[in-house]
Amino acid sequence: MPRPPRPLPGLTGPGRRARWRRVVLRRVLSAVLAATSVVLVILQLRPPPEPVTPVVVAVRDLPAGSVLTEADLGLEGVPERSVQPGALAAATDAVGRRVAAGLARGETLTASRLAPRGPLDGLPTGRVALHVVSADPAGVDLLAPGLSARVYPVAGGPALAVAATVLATDPPGRGGTGSLSDPSPRGVVLSLSATEADAVLAGHGSLEGPVTVTVVASAG
């Protein structure tokens, strides 16, 4: 009976060339298996991708006082461990709001960068809102919601409060411009601790009438 032909005679045959091909094939297979093992080890040791959280960012430079629109804002994925406290996750939470401090392009928008909607918006626990009349009406133009301020008695002396936050300012009076030549009374709504508010109320220098003090913007 004739012997059946060998499969793949170029590899399984008895000749020298067939033996050489078998050696080369074994080496190639060994290299492939080794490379596969290395890849599997790397995949096991490499940590999985870190989850990202979408945050609202400015898509252009925005000066202080800008009223935000949808065209000013975008979303960017940020690793969870890098998300800033108070970062906004939806542009709708900021559209129509005014920024209290300027934003650079690509900067994350946080709740603290937005001017309050009203004097009591976001007032922290333990703080009170106090309306005072500024002894310098023109100086009110230097104040804006979100700024830090120091409060002094009109007669001079140590500060009555050093960590006040401006919540709102009165517009110029209808009867005047609020300039030095036409000093219409203007006030400021301040966020103060209860202790600071007590000090301002006790030390503003008048037992009657509005609380009149000197309010000076500070660096915080």
Exercise. Beta carbons within 10 angstrom, averaged per residue: use that to sort the peptides 54-65, 29-40, 73-84, highest first.
Key: 54-65, 73-84, 29-40
Quiz prompt | Full-extension gain in nm, E76 to D93, via 0.36 nm per residue minus C-alpha separation | solution = 4.6 nm
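Compute the length gained on full extension between D61 and S148: take 0.36 nm times their separation in residues and subtract their Cα-Cα distance, giving the result in nm to one decimal. If you can, show how the numbers build up before the last one.
Values: separation 87, 0.36 × 87 = 31.32 nm, distance 2.30 nm.
Length difference between fully extended and current span is 29.0 nm.
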Quiz item: What FRET efficiency do you get for A111 and S218 if R0 is 25 Å and r is their Cβ-Cβ distance, rounded to the nearest 0.05?
Solution: 0.70
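Tell me, what is the percent relative contact order of segment 51-108, built from C-alpha pairs under 8 Å that lie six or more residues apart?
52
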Self-check item: Distance (nanometres) between label positions extended 7 Å along Cα→Cβ at L25 and A101
Solution: 7.2
Quiz item: Pulled fully out, how much extra length does the chain show between I42 and T195, if you take 0.36 nm times their separation in residues and subtract their Cα-Cα distance?
Solution: 49.1 nm
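Only the coordinates and a few stated rules stand behind these numbers; no lab work does. Nothing here was measured: the structure is a model prediction, and the numbers come from that model. Counting neighbours? That spans all protein chains shown, and the Cβs are built from the backbone with ideal geometry, glycine included.
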